[in-house]
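Chemist: Handing you this structure, nothing more for now.
Nothing in this text is a laboratory measurement; each read-out follows from the coordinates by a stated rule. Since we're looking at a predicted model, the values are computed, not measured. Cβ sites come from the backbone with ideal geometry, for glycine too, and all protein chains shown count toward neighbours.
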Amino acid sequence: MLYIGARNVQDLESIVLMPFIVELDQTDVLGVQALLSLSRRGHLTELLASPAFQGGIADSHMVLVAAAGTISDLAEIEKVLTPGYASIQTVDLATQLSPELQGSVIRTGDHAQTWTAPWLQSAVGFLEMTMQQQLPVGHVVVVLHDAAVLPHANGVNYGFAISYKPEYEQEEDTYEAQVLRAGLAHEIAHYYWAGNVSWLDEGLAELMSNMFGKEAGIWPIALHNTRRGCEAHNLEMLTEWDPHQGSPSHRCSYFLGQLLFEELARIVGGDTIGQKLRDLYVASLEEQAERRTPSVDIVENNFPDHTNVIGRHWSGGLNAPENRSFLSEVRSHGLIEWNEPPAVDRSGFVKFSGKLLNGAKLSRSIPEARDGKGVPSFTIYDKDGYVGTILHPPRSGYSWNLGDNSPHAEPFEYLIYPDSFSVGFRFPPGIANPTEHYVVVWGFRDGKRIPYAGSESDILGIVEIEPK
């Protein structure tokens, strides 16, 4: 309030006479923080003079005020505050630790889904149970609006509200819906993890989102976090660079941070990681209270038996170019159930078959995939990357291509069905030992998409060729 008054004392005079201020509750606190955000953007004076605020701001308006604080465009803010423009779904998010916790989902479109609020509640419950710490807000406000999300992100936690792109609120069994569910958990985790160095906050939010995702059965592909252009070799290099939000290097905060905390979580185990996270959270609050920005020191202090692991992530070469390969960066997403894993016999024949899980689809039309800048369904990789593409047999009108060995690698079987596949081919004799290679299956994350070359999130499965 003092900051608002310092910018414009008339704004402060207007606010202190408004109805909501008579008796402050949790939602009012969030609304005041949103007013501060609007003041910083230079929008508050105009808004306080708008028809929406003619009678002052009542308690019933404060959820919309919190939503407005996430939006940078003045015209869109005025629309959101116009009665009837935005819908507000308020639900009870009560948990054992937060019995009075409320949640509100604000939408400006017609994309509402019945599963969003229950998923929001399950995420809050899981995160509180893991941390054994009450969520540090009394009202979780979620804004599903394009203008509330920064250009480089799918979602943001502003402290007084969470925003997420509305395009992800789709039917429950779609890839988009799975991403939204995991993304909401990530943003809610930021109520605990904020104010530290970026890799610590983002890495821990990714860890907790993944922990929730595995518990809740979110599709593995929606939990996948790839290197995506991160060029920092380690956390120390990333800290020296100190990239701003939106820069390509900022992705390193998610990728390298998650690598560290997932390894620590695996080492200490599921029964211990919750306590470790609670201790780390308390330590981070103590550091911030002393006006220090918590970094690697508090991680080492709270994992004293694993400083060698932390040191490897801090100053080692885990993400140095010589230690990167396609296979180390990309994880199989578990969307393939192998009926017959790839195996090579003494004659060099490779055969494999499987079925697809969770609505995944192969790229059934090669021309369609090409037109969409996509790739065919099956490729061969070694530890250094791409070796060749497995296409339909020549008799189907398409050429077989596996590097420069095309004449020697004609497939004898290439069958793709809606939910399964079966492929057999002779491994090119000019390529090294087949058992040093991997079959990579590309496809649709769901039935609406075309796979894109270079997008690890479109890889449905990876498996090594084994000797028969």
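Chemist: What share of the DSSP beta bridges in the chain is antiparallel, in percent to the nearest 5? Write down the numbers at each step before the final one.
Modeler: Numbers: 44 of 55 bridges.
DSSP beta bridges in the chain are roughly 80 percent antiparallel.
Chemist: First check a/c for segment 1-157, with a ≥ b ≥ c the square roots of the eigenvalues of its C-alpha gyration tensor; if it is under 1.5, answer rounded, and if not, answer prolate when a/b is larger than b/c or oblate otherwise.
Modeler: Values: a/c = 1.86, a/b = 1.45, b/c = 1.28.
Cα axes put segment 1-157 in the prolate bin.
Chemist: So what are the three principal axis dimensions of segment 199-293 from its Cα atoms, in whole Å, longest to shortest?
Modeler: Rounded to whole Å, the extents work out to 37, 35, 21 Å.
Chemist: As I understand it, the dipole of the chain uses +1 on the Cβ of Lys and Arg and -1 on the Cβ of Asp and Glu, about the Cα centre. Which of LEU180, TRP442, ASN302 lies farthest toward its positive end?
Modeler: Looking along the dipole axis, the top candidate is TRP442.
Chemist: Let me ask another. GluC sites (Glu not before Pro), restricted to segment 1-89: which are DSSP loop and have at most 15 other Cβ atoms within 10 Å?
Modeler: Details: sites: GLU13, GLU23, GLU46, GLU76, GLU78; in loops: GLU23.
Within segment 1-89, the qualifying GluC sites (Glu not before Pro) (loop, at most 15 other Cβ atoms within 10 Å) are GLU23.
Chemist: Among DSSP beta bridges lying fully in segment 42-181, give the percent that are antiparallel, nearest 5.
Modeler: Restricted to segment 42-181, the bridges split so that about 50 percent are antiparallel.
Chemist: Here's a follow-up. Which shape class applies to segment 123-174: rounded if a/c is under 1.5, otherwise prolate when a/b exceeds b/c and oblate if not, where a ≥ b ≥ c are the square roots of the Cα gyration tensor eigenvalues? Write out the running numbers ahead of the final one.
Modeler: On the way: a/c = 2.53, a/b = 1.48, b/c = 1.71.
In terms of gyration-tensor shape, oblate.
Chemist: Take each complete run of DSSP H in the chain, measure how far its Cα atoms stretch along the helix's own axis, and keep only those covering 20 Å or more with mean Kyte-Doolittle hydropathy at least 0.0; list them. Mind showing how you got there, number by number?
Modeler: Values: long enough: 26-40 (22 Å, 0.51); 116-131 (23 Å, 0.62); 175-189 (21 Å, 0.24); 198-216 (26 Å, -0.16); 251-268 (26 Å, 0.66); 270-289 (29 Å, -0.47).
Membrane-span-like by this criterion, though nothing is claimed about a membrane: 26-40, 116-131, 175-189, 251-268.
Chemist: Moving on. At 222 nm, what helix-only mean residue ellipticity would the chain give, in deg cm²/dmol to the nearest 500, using -39500 (n - 2.57) for each DSSP H run of four or more?
Modeler: Numbers: 17 runs with 174 residues, N = 468.
Helix contribution divided over all residues of the chain: -11000 deg cm²/dmol.
Chemist: Let me ask something additional. Near the amide H of VAL143, under 5 Å away, which other amide H atoms are found, from residues 5 or more places off or on another chain, if H is placed in the peptide plane?
Modeler: Placed amide hydrogens put ILE106, ILE162, SER163, TYR164 under 5 Å from VAL143.
Chemist: Quickly rank 303-315, 219-231 as a protection proxy: mean count of other C-beta atoms within 10 Å, highest first. Walk me through the numbers before you get to the answer.
Modeler: Values: 303-315: 15.2, 219-231: 19.1.
Ranked by mean Cβ neighbours within 10 Å, highest first: 219-231, 303-315.
Chemist: Here is a further query. Using Cα pairs under 8 angstrom and six or more residues apart, how large is the relative contact order of segment 169-300, in percent? Don't skip to the answer; put the middle values down first.
Modeler: Values: 134 pairs, mean separation 34.9, N = 132.
Reported relative contact order: 26 percent.
Chemist: Which of rounded, prolate, oblate describes segment 7-79, given a ≥ b ≥ c as roots of the alpha-carbon gyration tensor eigenvalues and a/c under 1.5 marking rounded, otherwise prolate only if a/b is larger than b/c? Spell out each step's value before the answer.
Modeler: Numbers: a/c = 1.44, a/b = 1.23, b/c = 1.17.
Because its axes are fairly even, with a/c under 1.5, segment 7-79 counts as rounded.
Chemist: Here are some values of percent of Cα pairs over 30 Å apart: [x] 64; [y] 43; [z] 54. Which one was computed from this structure?
Modeler: [z]
Chemist: Figure the gain on full extension for SER247 and LEU357 (residue separation times 0.36 nm, minus the Cα-Cα span) and round it to one decimal in nm.
Modeler: On the way: separation 110, 0.36 × 110 = 39.60 nm, distance 3.48 nm.
Difference between extended and current length: 36.1 nm.
Chemist: Still on this structure: Which peptide among 289-302, 136-149, 199-212 comes first, and what is the full order, when sorted by highest mean count of other Cβ atoms within 10 Å? Don't jump to the answer; show the numbers that get you there.
Modeler: Working: 289-302: 15.0, 136-149: 22.3, 199-212: 25.0.
The packing order, highest mean first, is 199-212, 136-149, 289-302.
Chemist: Sticking with this one: Throw me the Rg/Rh for segment 71-138, computed over C-alpha atoms with Kirkwood Rh, two decimals.
Modeler: Result: Rg/Rh = 1.07.
Chemist: In percent, how large is the relative contact order of the chain, given Cα pairs closer than 8 Å and 6 or more residues apart? Write down the numbers at each step before the final one.
Modeler: Working: 845 pairs, mean separation 45.6, N = 468.
Reported as a whole number, the value is 10 percent.
Chemist: Nearest 20 debye, what's the magnitude of the dipole of the chain about its Cα centre given +1 on Lys and Arg Cβ and -1 on Asp and Glu Cβ? Mind showing how you got there, number by number?
Modeler: Working: 33 positive and 59 negative charges, 246 e Å.
So the dipole magnitude of the chain works out to roughly 1180 debye.
Chemist: How many angstrom separate the Cα center of segment 49-69 from the Cα center of segment 297-324?
Modeler: If we compute the Cα centre of each part, the gap is 48 Å.
Chemist: Moving on to the next point. Where the centre of each part is set by its Cα atoms, how far does segment 116-135 sit from segment 229-289, in angstrom?
Modeler: 21 Å
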